[in-house]
Amino acid sequence: MSLESYFFEGDRVVRELSVGARSWQSAVEKRSEDSSGAAAWWQSFLRGAPVFPQDGAAELPPVRVVDAFCGAGGFTLGAAQASIAVGRRFESVAAIDVDEGALEVHKFNFGTKHIVASNASSLVDFHVSGSGDKSRFAYEPEVIEPRLAGEVGKVDLFLAGPPCQGHSNLNNKTRREDPRNLLYLTAIALAVGLRARFIAIENVPEVVNDKSDVVNGAKALLKAAGYGFIDSGVLATHDLGGAQTRKRYFLIAAREATDAEALTIKAVAAGMKSAPHNLLWAIGDLLRSPSDEIKTGIMDTTPVMSAENRARINHLFDNGKWELPNEERPDCHKGGTTYPSVYGRLRWEKPSQTITTGFLTPGRGRYIHPERRRVITPHEAARIQSFPDTFRFVVNGHDPARNALTKWIGDAVPPLLGYAAILPLLTRL
């Protein structure tokens, strides 16, 4: 199926989104040399070009969004772009997280109405009976946080990215059994309590293997709560034209019953399917000077490397290598390592590996720049994650600490994936 088409119009790239007999247009200022419409649209977006909704959007009601476990707002940004794609304005009603710095970033970028620095479990009164597909709410969930209670019945779209570490294959200690996994059901309870029209929950693909069967439990709870459309599936950035290999699992729901013309996650994946873009496409323009010495600011600089790591990086460049030989690795990464990409150089002609919170550390993955004797910068990592240059990672007008910045960027839902996952919902408006 053809979901999106693109064409050039003066100094803009126009995107037309078509679902059945309906279509919407939006545009971005062209800041790309690419001749492919889709590539030019997204590259211009990444470079900070303004995006324009179709005429008449200002007269329509905005899409009102609540984001729980929101981090800095990658999922929210995806929702904002999906709103523009269907000819609507966007309103960030509430952001919920225990990370107060991330909430400041969220408010700065979206003008969020309610900043709720609380554990989501403390915001809603609910109890789940049974498990898996036998799950039911013992009584209707009740939102008990006063600011959120005032929004009950007024939320168009509820987003959540509950902690995924318990599901990840990188967590070898409590994999599938981490109590944080049950926060998945807390997200569902909060969405139902808010009586949200649409719901989108994201996590790692391994969430479907959770020993508490939270995904089937969530689907059963949604069905019992009256959601007529429930869908789920995995979306991958590298299958949608992104510049990294990253997958996320999305569960979406709408109160409206299934429509024959309505999109599914599978249909969006097919309609947006594209070869991955490479690293040069994503960050090549950021090499504006022959050296990095004149760059300042936390987004465009990297921490000072240890003498051992400087020597490892120099060995790669001095010998024209992309993988660090076994004898140059520390003992913990010699032979039989589960992560052979550590201390590796990225290649311009390939997409990046998954960006994680460890991208400023060469021993945490393949994060060494193709041309510079350093790891990638936060600016470069954010671009690879599909954050545009207009998104500002600032707290009260100042740069955050590096460990906070790497967490916000590495843990984020790539806005590109959020955009794709939300389209099946907002095209129902």
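None of the figures in this text is laboratory data; all of them are computed from the coordinates on show. This is a predicted model, so every value here is computed, not measured. Glycine gets a Cβ as well: all are built from the backbone with ideal geometry, and neighbour counts include every protein chain shown.
The ranking of D99, D231, D67, D300 from fewest to most other beta carbons within 10 Å of each one's beta carbon is D300, D99, D231, D67.
A Förster distance of 22 Å, applied to the separation of the beta-carbon atoms of R347 and S274, puts the FRET efficiency at 0.70.
Taking all Cα pairs closer than 8 Å and separated by 6 or more residues, the relative contact order of the chain comes to 17 percent.
The rule of thumb for compact globular proteins, 2.2 N^0.38 Å, goes into the C-alpha radius of gyration of the chain 0.98 times. Once you order the gyration tensor axes a ≥ b ≥ c over the Cα atoms, which shape class does segment 1-78 get: rounded for a/c under 1.5, otherwise prolate or oblate by comparing a/b with b/c? Here segment 1-78 falls in the oblate category.
Comparing A149, A68, A307 in a Gaussian network model of the chain where C-alpha atoms under 10 Å apart are linked, the largest mean-square fluctuation is found at A307.
Springs between Cα atoms under 10 Å define the GNM used for the chain, and in it the highest mean-square fluctuation of I298, I199, I283 occurs at I298.
Across all Cα pairs in segment 372-419, the calculated P(r) in 10 Å bins from zero up to the longest distance comes to 24, 55, 20, 1 percent per bin. In terms of distances greater than 28 angstrom between alpha carbons, the cross-link table entries K30/K407; K154/K219; K107/K219; K211/K247; K273/K350 yield K30/K407; K107/K219. Close amide-amide hydrogen proximity is noted between I144 and V124, D125, each under 5 Å apart and 5 or more residues distant or on a separate chain (H modeled in the peptide plane; Pro and chain starts excluded). Placing dummy labels 7 Å off each Cα toward the beta-carbon, the span from S131 to V234 is 2.4 nm. In sequence order, segment 23-35 has phi-based couplings of 8, 9, 10, 9, 9, 9, 5, 6, 10, 9, 9, 6, 8 Hz under the Karplus curve 6.51 cos²θ - 1.76 cosθ + 1.60, θ = phi - 60°, and Gly or Pro positions carry x. Here the alpha carbons of segment 280-410 define both size measures, Rg and Dmax, at 14.7, 46 Å. Computed from backbone phi, the HN-Hα couplings of segment 54-68 come to 6, 4, x, 4, 5, 7, 8, x, x, 7, 9, 10, 10, 10, 9 Hz, rounded to whole numbers (Karplus: 6.51 cos²θ - 1.76 cosθ + 1.60, θ = phi - 60°; Gly and Pro given as x).
Put in order of Cβ neighbour count within 10 Å, fewest first, the listed residues W408, W24 become W24, W408. Summary value for segment 280-410: 26 percent relative contact order, contacts being C-alpha pairs under 8 angstrom separated by 6+ residues.
3J(HN,Hα) couplings calculated from phi for segment 141-149 with the Karplus curve 6.51 cos²θ - 1.76 cosθ + 1.60 (θ = phi - 60°) are, in sequence order, x, 10, 6, 10, 7, x, 5, 6, 4 Hz; Gly and Pro show x.
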